[in-house]
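Each remark here refers to the structure printed beneath this line.
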Amino acid sequence: MSESMRHAINSFLYRTGSPSDKIILVMATNTPEQLDEAVHDRIDEVVGFGAPSKNERQIMLFHYLVKYCTPP
């Protein structure tokens, strides 16, 4: 784990020491196994999902192209 990633995790852990209902934090990672156990202890819910299928990727690409690449 890089030093900058370790610093970011330590900052996150420092600021999440006490429970609060005034903030919600959404985290995303492709490599959850690299997260420290202390991070996992502070996560209330984990939602896992796989990579999109070929058809789903084509649909996302189509929507992106229509939104950002359509001539005026």
| query | Arg6: basic (Lys, Arg), modelled with pLDDT under 80, surrounded by 10 or more Cβ atoms within 10 Å (Cβ to Cβ) and not in a loop (DSSP other than H, G, I, E, B), yes or no? | reply | yes
| query | Do we have Glu56 as over 14 Å from the mean Cα position of the chain (by Cα) and assigned to a helix (DSSP H, G or I) here? | reply | yes
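The values are calculated or read from the model by the stated rules, or taken from the named source; none is laboratory data. Just so we're clear, the structure is a prediction, and the values are computed from it rather than from any experiment. Note that each Cβ is placed from the backbone with ideal geometry, even for glycine, and that neighbours are counted across all protein chains shown.
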